[in-house]
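See below for the structure under consideration.
The values are calculated or read from the model by the stated rules, or taken from the named source; none is laboratory data. Note that the structure is a prediction, hence the values are computed from the model and not measured. FYI the Cβ positions are ideal-geometry reconstructions off the backbone, even for glycines, and counts take in every protein chain you see. For accessibility, only protein heavy atoms count, side chains too; no ligands or nucleic acids. Shrake-Rupley method; radii C 1.70, N 1.55, O 1.52, S 1.80 Å.
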Amino acid sequence: MRKEALLDKLSEFLMVEQCGWQLYQVVGSRTQDAELREKYAEFGAQTDRHRTVLIQLIRQLGGDPDYVSPTARVAQVKSEALLQSALQSGPLSDAEREASDLENVLLAETKDHADWQLLSQLAQALPKGKVRTALEAAVAEVEPQEDEHLQWAADKLAAVCLEALTSAPLPERGRLTRCVIDPAAPMKAIHAAPVSPRSLLETARLPPSQETPASRTARSAG
Amino acid sequence: MVSPPIEAVTLDPWREPGIPLDEQYRSWKQRVKAPYDKHDVDAYTRTRVILMNGVENGSWNFSHHFARSTDDFEIRSLLARTRMVDQQQQTTINWLNPADQTVLETTIAYEQVAIDLTAYFARNEPNPFVREAFNFGLLEDFDHLYRYSELLDYLEGKDPNSIVQGKTEIFPGRPTSEHHNDPEVRLLRHYEKNRAHPLSKLHTLTLLCGETQTYNFYKEHGPEYGNRQARELYAEIGEVEEEHVTFYESLLDPTETLLQRQVMHQLMEVYNYQHCYAHETDPRIRLIWDEFLHMELEQLQLWGQMLLRYEGIEPEALFGDTLTVEFRFEENKGYIRKVLGQQMDLRQWNSQWMDKADVSGEWPSHRYKELVNADGIPSEEIVDLQMLRQDPPERPGEELLARAREAALEVRE
Ligand SMILES: [Fe+2]
Ligand SMILES: [Fe+2]
Ligand SMILES: [Fe+2]
Ligand SMILES: [Fe+2]
Ligand SMILES: [Fe+2]
């Protein structure tokens, strides 16, 4: 086993737990839903504990928990991007915002889960010894919780979205008024250049001298 | 470190009481105050005014950038409100400059700000790489002061010491003709936000605001001159200030989020108002620093709470529980001479410093310098023009300038 590489990876995993904990703080303080608040608090506390477990593990392996490895920095950027998505969620309804927060939890826990799965596989692959024992102890404590975090987030998000699609009242259309768009523009026409699997859609290839789809829509609407 | 003992002020910026935000707006008459008297203002009072104008403009500018990048109404609202206050503060501060202080006199003071700010920061910068960046920039602004001093003597027949008051030396540094780099060359490695000392962040951001303001000032006022020499010198040094902005901003960690930067800007304002307040000798102006310090404390705390709410991170975790401010505008002559003696011939490439003798032919700035200096170098021409003057020195300061001129000719390539 390459110890330096492992320490870099553990730094990354620690960052993921750190940012996950921040995420639980944020979504927990924002949610209006008692059940969600309770779960966020519970998982947040467990995530806090995961930080401690990783810090101890890093120390046991002779590393410095304050060290931030290059991949940890990128993990931080990705996690912070989840939090930053709140800065762009102005037009969401309350229910949509709840679902968006929950989805961020799912995304964060997906990575978190994968991290611990990897540690578990690594522990099994290692020869008997101090490192293996330390890893096994950490995995035994944390991995079942990560299973639960991921499963719960996936199930809950699906339930929330299903409800929104079937029985919940429609979000108010007026929530879009903070975005200035053409009134009731057909979706296809305002998306001038969505990327199809193969290339840009046909409308995006219009030569610039022609009318743009947006101006055509504006004209037909007015 | 051999710096003299400093009375540092330590405060708890996250709890120190401030002025409630809705009590921070001021009327036109409250906002515009009487200017200082250019004949008996302390040189460092003037540098504080210039610095804080730059700091406010920097915060204002960033706040707009942030506002253009978010869709969250609460954040946009707090941005709009704190920005309005920043804008009013900026008026109060910049309007302290008197009408009879010429653009060129103010320019001399701008370079004095750059020099004594950068030198002090370099002396106290915890990160050695960042410190070398500051030293490098220092010797350039140091030379700008000399070139503009020649222009002041030439155009207005004034002694630059009437502005700097003997606190900052007027002497050639690394010649301005050598400051013209291929833009890519100026890019540095950046600090790491999780590991950098908060002081490094505050130093960098403060300098960045100062350099940006200097850039704006030269670009705004350069064309107001009818004299060709002046127009060209402002164009040349204005471009170097653009290089300085590029240079210092490349030190910022690009993974800092917009909210983290916003908190940083607020903390940087608190930091700078704190030292202004602590060291101001003009009691009237000191009251302004005091008031603005307490406005900023409130703004900082509001933004700290936003950071906690949106990113789940306490601002203390990023910037520390307490803020110790030991900066002051003071003479740095000994330090600057030392750096000048050791680093005058340094050049920059790939985030490294090297002696100009060791710079390879591949260095992209060779080409850039040749291009811009192809048909004359305004910062050298002003020296030649001054050499041609027949009259023997009679005004105070002329002898000093004559000596500086000889030195400038000596290092000419
Ligand atoms: Fe976890
Ligand atoms: Fe988890
Ligand atoms: Fe301000
Ligand atoms: Fe300068
Ligand atoms: Fe500069």
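Annotations
- In the stretch B:104-119, the count of residues that are more than 14 Å from chain A (Cβ to nearest Cβ), over 19 Å from the mean Cα position of the chain (by Cα) and within 16 Å of ligand 4 (Cβ to nearest atom) is zero.
- The residues in the stretch A:160-192 that are part of a helix (DSSP H, G or I) and modelled with pLDDT under 80 can be counted, and the count is 10.
- Evaluating B:Ala67 against the criteria (1) at pLDDT 95 or above; (2) under 23 Å from the mean Cα position of the chain (by Cα) leaves one unmet condition, (2).
- Of residues in the stretch B:238-264 being within 12 Å of another protein chain (Cβ to nearest Cβ) and β-branched (Val, Ile, Thr), the one most open to solvent (accessible area, probe 1.4 Å): B:Thr255
- Restricted to the stretch A:1-13, and to residues there that are away from ligand 2 (no atom under 13 Å from the Cβ) and within 20 Å of the chain's Cα centre (by Cα), the residue that is surrounded by the fewest Cβ atoms within 10 Å (Cβ to Cβ) is A:Lys9.
- Being away from ligand 2 (no atom under 14 Å from the Cβ), surrounded by 16 or more Cβ atoms within 10 Å (Cβ to Cβ) and without any contact (Cβ under 8 Å) to a residue 40 or more places away in the chain holds for only one residue in A:Leu83, A:Leu87, A:Leu107, and it is A:Leu87.
- Test: residue in the stretch A:42-52 that is without any contact (Cβ under 8 Å) to a residue 12 or more places away in the chain, away from every other protein chain (no Cβ under 13 Å) and farther than 21 Å from A:Pro144 by Cα: no
- Taken together, the residues in the stretch A:62-73 that are free of Cβ contacts under 8 Å to residues at least 60 places away in the same chain and either open to solvent by 70 Å² or more (accessible area, probe 1.4 Å) or facing chain B (nearest Cβ under 7 Å) (or both) amount to 4.
- Residue within the stretch A:138-146 that is over 30 Å from A:Glu96 (Cβ atoms), over 25 Å from the mean Cα position of the chain (by Cα), touching a residue at least 12 places away in the same chain (Cβ under 8 Å) and part of a helix (DSSP H, G or I) present: no
- Per-region count, the stretch B:168-193, residues assigned to a loop (DSSP other than H, G, I, E, B) and either touching a Cys at 6+ places or on another chain (Cβ under 7 Å) or away from chain A (no Cβ under 14 Å) (or both): 14
- Residue within the stretch B:197-217 that is within 14 Å of another protein chain (Cβ to nearest Cβ) and either free of Cβ contacts under 8 Å to residues at least 40 places away in the same chain or on the phi < 0 side of the Ramachandran plot (or both) present: yes
- Filter result for A:Ala108 (under 30 Å from A:Leu6 (Cβ atoms) and within 14 Å of chain B (Cβ to nearest Cβ)): yes
- Filtered residue count, the stretch B:279-297, keeping only those that are part of a helix (DSSP H, G or I) and open to solvent by 40 Å² or more (accessible area, probe 1.4 Å): 7
- Residue among B:Phe129, B:Phe121 that alone is at pLDDT 95 or above and away from ligand 3 (no atom under 16 Å from the Cβ): B:Phe121
- Of all the criteria given as (1) among the hydroxyl-bearing types (Ser, Thr, Tyr); (2) within 16 Å of ligand 4 (Cβ to nearest atom); (3) open to solvent by 40 Å² or more (accessible area, probe 1.4 Å), the one not satisfied by B:Tyr234 is (3).
- Flag if A:Leu157 is open to solvent by less than 60 Å² (accessible area, probe 1.4 Å), closer than 20 Å to A:Tyr40 by Cα and either within 16 Å of ligand 5 (Cβ to nearest atom) or at pLDDT 95 or above (or both): yes
- Residues satisfying the stated conditions in the stretch B:298-318, i.e. hydrophobic (A, V, I, L, M, F, W, C), open to solvent by less than 10 Å² (accessible area, probe 1.4 Å) and away from chain A (no Cβ under 14 Å): B:Leu300
- Checklist (1) within 14 Å of chain B (Cβ to nearest Cβ); (2) surrounded by fewer than 20 Cβ atoms within 10 Å (Cβ to Cβ) applied to A:Gln56, failing item: (1)
- Answer residue from the stretch A:19-38, given it is open to solvent by 50 Å² or more (accessible area, probe 1.4 Å) and under 18 Å from the mean Cα position of the chain (by Cα) and is farthest from A:Val139 (Cα to Cα) among those: A:Arg30
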